[in-house]
Amino acid sequence: MAMEITQFLLAAQSADAKVRTEAEARLRQFQEQNMPVFLLSLSVELSNDDKPVESRRLAGIVLKNSLDAKDAIRKEQLVQQWMAIEISIKSQIKDSLLRTLGSSVPEARHTAAQVIAKIASIEIPRKQWPELIGSLLNNMTQQDKPAALKQATLEALGYVCEEISHQDLVQDEVNAVLTAVVQGMNLAEHGPEVRLAATKALYNALEFAQTNFENEMERNYIMKVVCDTAMSKEVEIRQAAFECLVAIASAYYEVLEPYMQTLFQLTSNAVKGDEETVALQAIEFWSSICDEEIELQEFESPESGDSGPPHSGFIEKALPSLVPLLLETLLKQEEDQDQDDTIWNISMAGGTCLGLVARTVGDAIVPLVMPFVESNILKQDWRCREAATYAFGSILEGPTVEKLSPLVQAGLDFLLNTMKDGNNHVKDTTAWTLSRIFELLHSPASGFSIISPENLKRVVGVLLESIKDAPNVAEKVCGAIYYLVQGYDDAGPSASLLSPYLTDIISCLISTADRTDGGDSKLRSSAYETLNEVVRCSNIAETSSVIAQLLPVIMNKLGQTMDIQIVSSDDREKQGDLQASLCGVLQVIIQKLSSTDETKTIILQAADQIMLLFLKVFGCRSSTVHEEAMLAIGALAYATGSQFEKYMPEFYKYLEMGLQNFEEYQVCGITVGVVGDICRALDDKVLPYCDGIMGLLLKDLASSELHRSVKPPIFSCFGDIALAIGEHFEKYVPYALPMMQGAAEICAKMETADEEMVDYGNQLRRSIFEAYSGILQGFKTVKPDVMLPYAQHLLKFIELVSRDNQRDESVTKAAVAVMGDLADALGSNIKLLLKDCLFYDEFLCECLRSDDEQLKETAGWTQGMIQRVMVL
């Protein structure tokens with residue numbers, strides 16, 4: 001097959017589609033018939049320098065894709081597949097790959113390094129392939145080995161460190177890897193290719209170096225090598241060294257003190273005069289230091305009163321030199337950076353870092369930045385005016401309101417005038433700065449706002465004029481309006497101040513959304529997002545007629561989207577995006593108008609037409625629309641209550657489609673939420689659909705393909721269904737309860753070191769408790785005994801959770817509530833079980849001591865329920 005696989009690999013890249021398809025089919029056939037030999041053939045192809053580069057390239061790609069995948073379920077299947085291959089074949093594959101590191105073809109070496117790391121990611125955590133690190137280090141320690149082999153070996157070491165966890169290597173291995181990598185960076189011994197690979201490998205190995213960084217001598221040596229490498233004559237190597245320094249700033253902040261003088265010098269020189277790729281990393285170093293200090297300030301308060309910040313205060317010490325350095329970068333804008341939000345250059349990085357510095361040191365930054373603002377804001381050169389505005393906007397978060405307030409009061413009028421500047425960049429940055437001012441210094445609800453009733457008219461006037469400007473400026477103005485209206489949300493009497501301007505704001509936003517000069521649809525979606533916020537934050541008592549008039553306008557626009565000519569997939573995407581935005585607006589209007597009895601009738605009267613539109617939208621079939629339309633239907637169900645029943649026969653098929661949509665799991669998750677909304681709206685009228693819904697929900701839970709994030713909402717949904725249909729839930733108990741018990745047992749075994757898993761565990765536990773609560777309440781007055789066989793398991797689960805200090809507040813509330821529901825529903829039937837339970841007194845006392853009023857109230861109720869059972 002060796003000869004043939006070369007031909008098939010070449011043919012699979014043919015320009016002739018027929019030849020290509022045939023070759024792909026033959027490769028697939030070989031793979032299915034004998035996977036181990038197929039992988040071995042690929043590794044032999046990759047390692048053979050006599051074979052064509054093209055066939056070797058594809059062999060490497062196929063080999064890599066046979067070991068790893070982005071999708072977690074597929075990845076697990078590939079891992080199991082590799083583990084099942086017999087050891088002798090796996091050894092031959094690994095030997096081939098290690099040999100390929102010495103290939104004369106750079107691409108083959110590079111691919112082999114990647115594939116070695118993929119195998120290492122499977123085997124090293126399982127304590128297999130113990131000789132790998134030794135084999136790789138051997139390539140580095142022997143003097144006569146060629147540079148190309150050393151470079152590929154360092155690359156492999158770097159990739160292996162990236163793939164595995166620092167717990168997977170013993171300290172001796174870590175020491176040996178670090179020694180090899182740091183020696184590989186040595187200028188005297190190695191050429192640039194080897195040094196670059198070594199520096200990149202060090203970046204990936206830093207996570208393993210905890211013990212080495214605790215040892216002063218080793219730390220000094222590593223830091224000296226990295227700092228020397230940051231001055232190499234090759235740009236790429238300098239960049240890689242600065243990337244290491246950024247990683248060191250995050251991982252080893254607490255030991256950096258002795259090196260900060262040198263690091264300031266290095267980064268300062270790079271920012272002032274190096275290539276942009278290097279300068280960006282030098283700025284990133286200071287951003288990382290800020291991140292560390294901000295985090296320490298937020299999470300650690302000094303032990304003894306005001307003994308200074310809970311960190312080394314590097315930013316504060318560097319402030320007099322660091323701020324001028326960053327301000328200089330702001331003047332290095334690119335001509336067209338205002339047209340593209342994805343551009344990341346030295347002026348953007350400098351402004352971002354300046355913002356982080358402001359958050360780190362607060363008031364101290366203001367006197368260092370304001371002279372720069374004042375001396376540049378009126379200059380002829382647009383770069384100076386834009387940089388001054390950007391600097392001002394960047395320092396608005398961090399300093400106190402007392403410090404900023406007089407400056408912003410004095411500067412607001414100037415900024416409003418600047419929205420008429422002749423330069424697009426300047427207007428763009430000014431609009432962004434205004435949105436920051438409104439976001440951070442305009443909060444009438446908390447008693448402070450930079451905007452007074454006197455200047456509100458001018459502010460709104462300028463914004464509505466500027467929204468007609470170039471698309472990039474208009475988009476930033478949408479942001480400014482968004483935060484302006486958000487400030488008036490829940491602001492009591494102040495909320496009325498905005499009401500007179502609402503009609504003009506809404507009509508300007510709709511005109512903006514209709515603009516055709518926006519290129520991509522970013523301006524349109526910004527306009528609609530802002531419109532949503534305007535509706536959400538409006539004072540319903542004063543603005544119901546304006547919002548009622550908006551409803552048919554948006555419905556009409558949604559209706560028109562059905563007539564868009566669809567010729568290409570691009571057209572389909574544009575139609576989908578527009579429908580998604582309009583469904584989003586309708587959802588907010590439905591929620592707003594149904595929030596008071598006086599205005600709810602508007603929704604009830606329009607409900608038939610609204611639902612018809614949503615059903616038509618589903619007919620267009622696009623996942624984003626499916627999400628937004630589903631959410632809007634959830635809001636409509638809530639608003640119409642039992643009247644929603646008449647829509648179910650038509651809507652049910654789309655509900656089924658949503659619950660079966662494993663691919664776009666967000667759609668599935670939202671649909672599960674909508675099932676809950678419908679249960680609350682229809683109560684027992686949902687019964688005719690419950691067999692179908694429960695069948696799909698149970699199938700979803702059993703599926704290994706569905707993303708795990710959808711599973712907690714499904715359990716909560718069981719509770720919603722049980723509450724709605726009461727005793728009729730009995731027939732689902734034998735299927736639903738074992739699922740809930742199984743999930744509870746999974747929670748007990750979950751990994752607690754992984755933050756993501758802890759969050760997921762909390763969601764899962766809360767949802768299991770919510771399911772039990774709903775089911776217990778559903779059976780309470782009719783058939784409580786149905787739940788008796790499950791009571792002991794539930795109590796054990798509550799006990800387990802009560803002993804876990806990583807549970808969050810919402811889990812505690814749900815656990816306390818379900819304990820009360822259990823006592824309330826089952827009464828004296830569980831008296832003996834509760835007698836044997838010793839944990840609940842302590843648990844309830846802990847909750848009764850909480851600062852959370854709601855938790856205290858629930859715990860008090862549960863205590864009462866249990867006491868009632870115990871005296872029966």
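The values are calculated or read from the model by the stated rules, or taken from the named source; none is laboratory data. This one's a predicted model, so the numbers in the text were calculated from it and none came from an experiment. Cβ atoms come from the backbone with ideal geometry, glycine included; neighbour counts cover every protein chain shown. Note: accessible area is taken over every heavy atom of the protein model, side chains too, but ligands, DNA and RNA are not part of it. Shrake-Rupley method; radii C 1.70, N 1.55, O 1.52, S 1.80 Å.
A few notes on this one:
- Directionally averaged projected area (convex hull, Cα atoms, the stretch 55-138), nm²: 5.7
- Cubic angstrom per residue, convex hull over Cα atoms of the stretch 475-598: 96
- Alpha-carbon centroid distance for the pair the stretch 403-422 / the stretch 124-155, whole angstrom: 61
- Accessible surface computed residue by residue for the chain, with neighbouring protein chains in place and a 1.4 Å probe, gives 45 Å² per residue.
- From phi via Karplus (6.51, -1.76, 1.60), per-residue ³J(HN,Hα) for the stretch 790-806 in Hz, x at Gly/Pro: 9, 5, 5, 4, 5, 4, 4, 5, 4, 4, 4, 5, 5, 8, 9, 7, 9
- With θ taken as phi - 60° and the Karplus curve 6.51 cos²θ - 1.76 cosθ + 1.60 applied, the whole-hertz 3J(HN,Hα) list for the stretch 254-266 is 5, 10, 7, 2, x, 9, 5, 4, 4, 5, 5, 4, 4 Hz, x standing for glycine and proline.
- Estimated FRET transfer efficiency (SER268, ASN805; beta-carbon r; R0 60 Å; 0.05): 0.85
- Sparse-neighbourhood loop sites, GluC sites (Glu not before Pro) in the stretch 64-125 - DSSP loop, at most 11 other Cβ within 10 angstrom: GLU86
- Scanning residues 5 or more positions from SER443 or on other chains, those with amide H under 5 Å from its amide H are PHE448, SER449, ILE450, with H placed 1.01 Å from N in the peptide plane.
- Pairs with C-alpha atoms separated by more than 28 Å, drawn from the list LYS70/LYS332; LYS468/LYS574; LYS476/LYS711; LYS64/LYS711; LYS685/LYS856, are LYS70/LYS332; LYS476/LYS711; LYS64/LYS711; LYS685/LYS856.
- Vicinal HN-Hα couplings computed from phi for the stretch 356-364 (Karplus, 6.51 cos²θ - 1.76 cosθ + 1.60; Hz; Gly/Pro x): 5, 4, 4, 5, 7, 10, x, 4, 4
- Segment ASP597-GLN666, extension gain: residue separation times 0.36 nm, minus the distance between their alpha carbons: 21.6 nm
- Computed from the Cα positions only, the extents of the stretch 165-261 along the three principal axes stand at 33, 30, 21 Å, in decreasing order.
- Its alpha carbons give the chain an Rg and a Dmax of 32.0, 88 Å.
- Taking the protein heavy atoms of the stretch 525-644 in the context of the full set of protein chains, the accessible area attributed to carbon and sulfur is 47 percent at 1.4 Å.
- For the stretch 805-872, the fraction of 1.4 Å probe accessible surface lying on carbon and sulfur atoms is 49 percent.
- As a size descriptor, the averaged projected area of the C-alpha convex hull of the stretch 622-666 was calculated at 3.2 nm².
- For TRP432, the solvent-accessible surface with a 1.4 Å probe is about 70 Å², rounded to the nearest 10.
- Cα convex hull of the stretch 1-128 - mean projected area over all directions, nm²: 7.9
- Fraction of accessible area attributable to carbon and sulfur, the stretch 70-189 (%, probe 1.4 Å): 50
- Among the protein heavy atoms, those of ILE289 account for about 0 Å² of accessible surface (1.4 Å probe, every chain in place).
- Normalising the average separation of contacting C-alpha pairs (under 8 angstrom, six or more residues apart) by the number of residues puts the relative contact order of the stretch 1-128 at 24 percent.
- Extension gain, LEU604-ILE61: 0.36 nm per intervening residue step, less the Cα-Cα distance, totals 189.7 nm.
- HIS728 accessible area, assembled protein chains, probe 1.4 Å, Å²: 90
- Cα centroid separation - the stretch 56-111 against the stretch 847-872, whole Å: 59
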